[in-house]
Amino acid sequence: MSLIPVEEAYRLLVEDARPLARTETLPLRDASGRILAANLASLRTQPAFDASAMDGYAVRAADLGDKAPFPSLRLVGESAAGHAFEGTLQPGETIRISTGAPVPTGADAILIQENADRRDGTVTATAPVAVGQHIRPAGIDFAAGTPLLTAGTVLTPGAIALAASGGHPAIPVRSRPRVAILATGDELVLPGEAIGPSQIVASNTFGVAALVREAGGLPLNCGIAPDREAAIDAQLTQAITEGADIFVTIGGASVGDHDLVGKVFAAHGVSLDFWKVAMRPGKPLMAGRLGDMRVVGLPGNPASSMVAATLFLGPLVRRLAGRPARPLYRRGVLAAPMPDNGDRTDFVRARIEPDGAGLPRIVPLSRQDSSLLSIYAAADALLVRPVAAAPAEAGDPCDYVPLTTLEPLAEHN
């Protein structure tokens, strides 16, 4: 297969994907950051009764009139939150009332305590009140049956609180995409393990798993497979058995003697959408389908793997999870000159400098080798240099990809 443009690869892998149909019902405490799977209506009226908005005294406005001096009212009881006054307020009476407490029958206004002089069982107003003053009517927030949240809503803390207020102890959410992640290579060992003279630490697995979590997916750790087709084949078979939605390999996706992922995919009948993208870093990226499961082969170089995962795997997980769509690129301005570019889209690790006057300034970092994770970790953006781009000056417009999380995401158990 020849190299395909980044935008075409994105269309094939991400834009053509559809959210998973699977749903589950979760207790509210476990639903933060998930995606609501169905419209949610209130099961109750909020508040269920006329409630006081202030601490003070429930009164009949007509008893006080609108001019001083105001008559004294007889204090006959109290209405507190959770403990309503049981009687009916009669002419010339008042009751002590707390914020949020039910307004007693017969009262039509709240005299705030700052405007009341209480002594010897009576209360005298120092300012007039109007009918309805400082009373929250029943149903002012919502009534039973009122639509509260629509399907597809990201369940923020505010949305969770609203669902709880509407009487829902549990709610339906979209299931998280299950993403099986397999690192390949004889040279790899896990962090903390004894490392031989020709070996390196398998760092990409952890970065890709973190990216999957942030995108709303559930990473499944397949460990490290040695450079043997049978080992990779066994993990792919296991991922199919466990119902993975995406099978991701890291390394082994190029064309060297030990790059075996493509051979294993072919043996299983994977239909490849593309293999190799016109991008730098991350060219040896492959993607395809095996039945309902997506397969993604990421390159092995650390920064290449993370750049490719950021551009393609993260958005794919978001799409399958039913999360809100994001544009592939955003608009900024260059903070430094850039040379012309060649025949691949270049993704330059960069920093974002906010500009209160307009678009953010994108500052390219000095070193860009695809093996340097320290540079990737220092970046919060990828500066996009299109194919055959002419030299650019500081202040010129540019595209960039943010590396930061821009919305609330799920808790992960």
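Since every read-out is calculated from the coordinates, none of them should be taken as a lab result. Being a predicted model, the structure only gives us computed values, none of them experimental. Here the Cβ positions follow ideal geometry from the backbone for every residue, glycine too, while neighbour counts run over all protein chains shown.
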Seminar exercise, completed: Measuring from its Cα centre, region 51-136 shows a charge dipole (+1 at each Lys and Arg Cβ, -1 at each Asp and Glu Cβ) which, in debye to the nearest 20, is 40
Seminar exercise, completed: A chain fully extended from ASP66 to ASP186 at 0.36 nm per residue, minus the present Cα-Cα distance, gains in nm 34.4 nm
Exercise. Remind me, relative contact order of the chain in percent, using alpha carbon pairs under 8 angstrom and six or more residues apart?
Worked result: 17
For this session: Taking every pair of Cα atoms in region 279-327, average 1/r, invert it to obtain the Kirkwood radius, and report Rg/Rh to two decimals.
Result: 1.00
For this session: Evaluate the Debye formula for the chain with equal point scatterers sitting on the alpha carbons, no solvent, and hand back log10 of I(q)/I(0) at q = 0.13 Å⁻¹, in q order, two decimals.
Result: -1.05
Exercise. In the Gaussian network model of the chain, springs joining C-alpha atoms below 10 Å, which of GLY300, GLY217, GLY77 carries the largest mean-square fluctuation?
Worked result: GLY77
For this session: Could you tell me the distance between the Cα centroids of region 277-299 and region 187-212, to the nearest Å?
Result: 21
Exercise. Remind me, what semi-axes does region 51-136 give for its equivalent ellipsoid, largest first in whole Å, using sqrt of 5 times each Cα gyration tensor eigenvalue?
Worked result: 18, 13, 12
Problem set entry | Whole-number percent relative contact order across region 51-136, with pairs defined as alpha carbons under 8 Å at least 6 apart | 42
Exercise. Can you give me the pair-distance distribution of region 330-402, C-alpha pairs, 5 Å bins, whole percents?
Worked result: 4, 18, 28, 26, 16, 6, 1, 0
Exercise. Extension gain GLU114-ARG331, at 0.36 nm per residue separation less the Cα-Cα distance, in nm?
Worked result: 72.7 nm
Exercise. Is any residue of region 190-234 close enough, with backbone N under 17 Å, to a label point placed 7 angstrom from the Cα of SER374 along the Cα-Cβ axis, and if so, which?
Worked result: 201, 203
Seminar exercise, completed: Helix-only [θ] at 222 nm, the chain, -39500 (n - 2.57) per DSSP H run of 4+, per residue, nearest 500, equals -4500 deg cm²/dmol
Seminar exercise, completed: Here FRET efficiency (C-beta to C-beta, VAL387 to ALA267, R₀ 25 Å, nearest 0.05) is 0.15
Problem set entry | Extension gain, ASP16 back to SER98 (0.36 nm per residue minus Cα-Cα distance, nm) | 23.9 nm
For this session: List the relative contact order of region 330-402 as a percent without decimals, with contacts defined as Cα pairs under 8 Å and 6+ residues apart.
Result: 49
Exercise. So what's the projected area for region 40-184, the Cα convex hull averaged over all directions, in nm²?
Worked result: 12.6
Exercise. Does region 213-341 classify as rounded, prolate or oblate by the C-alpha gyration tensor (a ≥ b ≥ c root eigenvalues; a/c under 1.5 gives rounded; else a/b over b/c gives prolate, otherwise oblate)?
Worked result: oblate
For this session: Only bridges with both residues in the chain count here: give the DSSP antiparallel percent, nearest 5.
Result: 65
